[in-house]
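J.: Here's a structure for you.
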């Protein structure tokens, strides 16, 4: 597409109009949000682990639920990173992006299947589900805050 401009329009102006503007993420997270994110992560993870420690499950069942927590946390951080990289035009392969989403959904599904079949009270199942969800959300928020802070610190140099 060649557009013709009439009047006094320079080549630089035409080039700037046709270029895609790149978004700049320069909003530093507040200390309150950073603290709340870390607190939510620790509350979610620690309560989940205390619940496992005190549960009347066999050790391999406790290991299953603990592994799901670690798997879910890593997967959620991977999703946040790959989504953010794409927004900032940092190359992320479709395979990695897809695997990140897949593993996050699988970790949630594995927890649901495990809790559905577990011989636990409904309140215990709800406790594990909510502390797991809190931990995943908080891990995403902590990753976002850490990345935003680092980006702003590097851009000021």
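J.: Report relative contact order for the stretch 30-143 in percent, whole number only (criteria: Cα-Cα under 8 Å, sequence separation at least 6).
T.: On the way: 90 pairs, mean separation 56.4, N = 114.
Dividing the mean separation by the residue count of the stretch 30-143 yields 49 percent.
J.: Using 0.36 nm times the number of residues separating residue 123 and residue 61, minus their current alpha carbon distance, what extension gain do you get? Before the final figure, lay out each step's value.
T.: Numbers: separation 62, 0.36 × 62 = 22.32 nm, distance 1.80 nm.
So the extension gain works out to 20.5 nm.
J.: Measure off 7 Å from each Cα along the Cα-to-Cβ vector at residue 101 and residue 133, then give the distance between these two points in nanometres to one decimal.
T.: 2.1 nm
J.: Under the classification rounded if a/c is under 1.5, otherwise prolate if a/b is larger than b/c and oblate if not, where does the stretch 30-143 fall, given a ≥ b ≥ c as square roots of the Cα gyration tensor eigenvalues? Don't skip to the end; give the middle numbers.
T.: Working: a/c = 2.93, a/b = 1.54, b/c = 1.91.
Since a/c reaches 1.5 but b/c is at least a/b, the shape of the stretch 30-143 is classed as oblate.
J.: Quickly work out the residue 116-to-residue 89 label distance, labels modelled 7 Å from Cα along the C-beta direction, and quote it in nm with one decimal.
T.: 4.4 nm
Laboratory data are not the source of any read-out in this text; all were calculated from the coordinates shown. These numbers were taken from a predicted model, which means no experiment stands behind them. Ideal geometry is used to build each Cβ from the backbone, glycine not excepted, and the neighbour counts take in all protein chains shown.
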